[in-house]
Amino acid sequence: MPLVKRAYHYRFYPTAEQVQPLAQTFGCARFIYNWALALKKTAYETDKTQINYVALSAKLTALKKAGTHDWLKEVSSVPLQQALRHLDTAFLNFFKGTAKFPNFKKKHSRQSASFTVSAFQYQDGKLYLAKQKQPLNIRWSRPLPSAPSSLTVSKDAAGRYFVSCLCECEVKRLPISPKTTGIDLGIASLITDDASWESGNPRYTKRYEAKLAKAQRALAKKKLGSQNRLKAKLKVAKIHAKIADSRRDFTHQLTSQLIHENQVIRMETLRVKNRVKNPKLAKAISDSNWGELARQLNYKAAWYGRTVVQIDQWKPSSKTCSCCGFKLD
């Protein structure tokens, strides 16, 4: 059985004593990320030079010793170093053309901090973070297969706390299936296979559209900076979280069903970024989650010994006869 690195995602409920240290860690990691990004942008705009991770790490050490940012010493140094590594990865992805230019992190959006094995302790099914005496109150939906090599603690806009543990585990290959299929991605039905089976499309955004619009109208009427506005903003965030969670769960169930039933899956390659430029279909296309569906199929196929073949988008499949191969002009 092959060894793979797999992330196990859990929700946890911090105690009153843990909320403040977590918020402080999130804030410090966010500050270092934005500080390093500003340095890199300024250096490139002034004299076209680039600052790498090693130079940024040295500047971070000097910043701590300067005495002007002593509050950075109150949290573990590992999440701060990891913030620099995440920024370095973001720039690598940008230069590869697989991501946009890195943006500054915001205070009121999703917050996160990453820890390596030197900054946490996992023993007897309990997880302790650096500089915290109490373990995290985690809802273990399933046991970890091994001790995590790294983890990411996060807080979403709806105020929920999560921990993602990266573990190395064995994945059991599925038995070989004689069945193969070709799938077509759509909006009315998310997937239609070559046997005319349709998966349907729950359209979670449309399902909660009226409730979301009502909450957003209430938010727009609240005074800036007031507590009522924060409460209304939290209601909007919870609805968005409900939509995202439902969509993710449906996509996981659908891709797992396809992987378990078929040995080979053929699907078309779609340029989702180009298709969402259509103003009439942009919301429906985004709600269909095509990109995430293809991503899940690819990594699950690699885990379980399946094959996913992605057809070139320029292949004239609709103009080609499936029986004789004749192609229309």
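The values are calculated or read from the model by the stated rules, or taken from the named source; none is laboratory data. Keep in mind it's a predicted model, so treat the numbers as computed, not measured. Here Cβ is always computed from backbone atoms with ideal geometry, including for glycine, and neighbour counts include all displayed protein chains. These area figures cover heavy atoms from the full protein model, side chains too; ligands, DNA and RNA do not enter into them. Shrake-Rupley method; radii C 1.70, N 1.55, O 1.52, S 1.80 Å.
Annotations for the structure displayed:
- Debye intensity ratio I(q)/I(0), log10, the range 19-58, q values 0.24, 0.32, 0.34 Å⁻¹ (C-alpha model): -0.77, -1.01, -1.05
- Contour minus Cα-Cα distance for Asp329 and Thr192 (0.36 nm per residue): 46.8 nm
- Virtual spin-label span in nm between Asn137 and Gln313, 7 Å along Cα→Cβ: 4.8
- The accessible-area ordering, largest first, of the residues Leu92, Leu22 stands as Leu92, Leu22, per a 1.4 angstrom probe.
- Whole-number D in µm²/s for the range 155-305 (Stokes-Einstein; Kirkwood sum over Cα pairs; 4 °C, 1.567 mPa s): 72
- Here the label points at Tyr299 and Glu17, each 7 Å from Cα along the C-beta direction, are separated by 3.6 nm in the simple model.
- Accessible carbon and sulfur surface of the range 180-311 relative to its total accessible area, %, 1.4 Å: 52
- Of the accessible area of the range 3-170, computed with a 1.4 Å probe over protein heavy atoms only, carbon and sulfur atoms account for 53 percent.
- Translational D in µm²/s for the range 116-236 (Stokes-Einstein at 4 °C, 1.567 mPa s, Kirkwood Rh from C-alpha pairs): 65
- Remark: the Phe104-Lys206 segment gains 33.6 nm on full extension, using 0.36 nm per residue and subtracting the alpha carbon distance.
- Largest to smallest accessible area among Trp71, Trp314 [probe 1.4 Å]: Trp314, Trp71
- Extents of the range 22-118, taken as max minus min of Cα coordinates on every principal axis and listed largest first, are 35, 29, 27 Å.
- Each part gets one Cα centre, and for the range 168-235 versus the range 278-313 those centres are 14 Å apart.
- Its Cα gyration tensor gives the chain an equivalent ellipsoid, and the semi-axes of that ellipsoid, as √(5λ) in whole Å with the largest first, are 40, 25, 24.
- Spatial separation of Cα centroids for the range 97-131 and the range 49-73, in angstrom: 19
- Rg in Å to one decimal, and Dmax rounded to a whole Å, for the range 226-329 via C-alpha atoms: 19.0, 69
- The residues of the range 86-200 present an accessible area of 61 Å² per residue when probed at 1.4 Å with all protein chains retained.
- Estimated 222 nm signal from helices in the chain, with DSSP H stretches of n ≥ 4 weighted -39500 (n - 2.57), rounded to 500: -14500 deg cm²/dmol
- Distance histogram in 10 Å bins (all Cα pairs of the range 3-170, percent per bin): 9, 35, 34, 18, 3, 0
- With the simple model of a label 7 Å out from the Cα in the direction of the Cβ, Asn93 to Ser177 spans 3.0 nm.
- With all protein chains kept in place, the per residue accessible area of the range 234-329 amounts to 63 square angstrom at a probe of 1.4 angstrom.
- Applying 1/(1 + (r/R0)^6) with r as the Cβ-Cβ distance of Lys214 and Cys169 and R0 = 51 angstrom yields a FRET efficiency of 0.70.
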